[in-house]
């Protein structure tokens, strides 16, 4: 990945109350090839400048009147739009280096300036900064794609349920314990199930009249977590009639592949009258 063109077009702000230092750094950066360099000798303006024109790097003198570099860094922390504080401090005091790094500075340049050191530290800092920005942009793009894909899946799920409801007498979902969690149509009544209004527990009404062999075969498929298509089963009604059904279902799994239940559709095929 070649970052060099981006590095030399990065936005740099020089903050120093000494005009000679500002002029030296401006000339050095211009001669090196940097094209977006600005400066200020008023430290109290730095936060406003950074807010309106986010800089990729701020070269910040620590010892200035009115507002020192430490106060500037505290102000930058409150108005920067990202978590990365792009500051290299300029200091002639060795004891200030550790304090500056603890305050959030990413690097330091000692005074008097070693021009090779200055160019190297600035280039390295900008390389890290631009990589950080690229990562943040890629994460934002990935989050957007995930959000779009999630919305597509939800829309697809809604279409599936709508089509399932239109093409069948009922749509159903059950949890991993077999309890119905979603139904469309009179599925519970047709299957002879009742729900306790207080506890929500579901049970046979005692007169379901299931064909035991058919029900056992269906239960075996569900216990094995197998999909089933057009499974036929029937039950007797209270008046001796026979209800015939056709049901299709598939197991559901979450994103960690844990089984969470079944969903499917069913239709009533015929009603046989009792004697």
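The values are calculated or read from the model by the stated rules, or taken from the named source; none is laboratory data. This one's a predicted model, so the numbers in the text were calculated from it and none came from an experiment. Reconstructed Cβ throughout: ideal geometry from the backbone, glycine too, with neighbour counts over all protein chains shown.
Brief remarks on what is shown
- Here 204, 196 are screened, and the one residue that is farther than 16 Å from residue 263 by Cβ and either loosely packed, with under 12 Cβ neighbours inside 10 Å or modelled with pLDDT of 85 or more (or both) is 196.
- The lone exception for residue 22 - which of (1) more than 18 Å from residue 125 (Cβ to Cβ); (2) crowded, with 17+ Cβ neighbours inside 10 Å; (3) in contact (Cβ under 8 Å) with a residue 24 or more places away in the chain it fails: (3)
- Any chance residue 133 is modelled with pLDDT under 85, within 17 Å of residue 58 (Cα to Cα) and in a helix (DSSP H, G or I): yes
- Test result for residue 148, out of contact with any strand residue (DSSP E or B) (no Cβ under 6 Å at 6 or more places or on another chain) and modelled with pLDDT of 80 or more: yes
- Residue match in the range 243-264 (condition: modelled with pLDDT of 85 or more, assigned by TED's automatic domain parsing to the domain that holds residue 176, assigned to a strand (DSSP E or B) and touching a helix residue (DSSP H, G or I) at 6+ places or on another chain (Cβ under 7 Å)): yes
- Options 128, 98, 89: the member that is at pLDDT 85 or above, under 30 Å from residue 5 (Cβ atoms) and assigned to a helix (DSSP H, G or I): 128
- Condition check for residue 271: in contact with a helix residue (DSSP H, G or I) (Cβ under 7 Å, 6 or more places away or on another chain), at negative phi, at pLDDT below 75 and surrounded by 10 or more Cβ atoms within 10 Å (Cβ to Cβ): no
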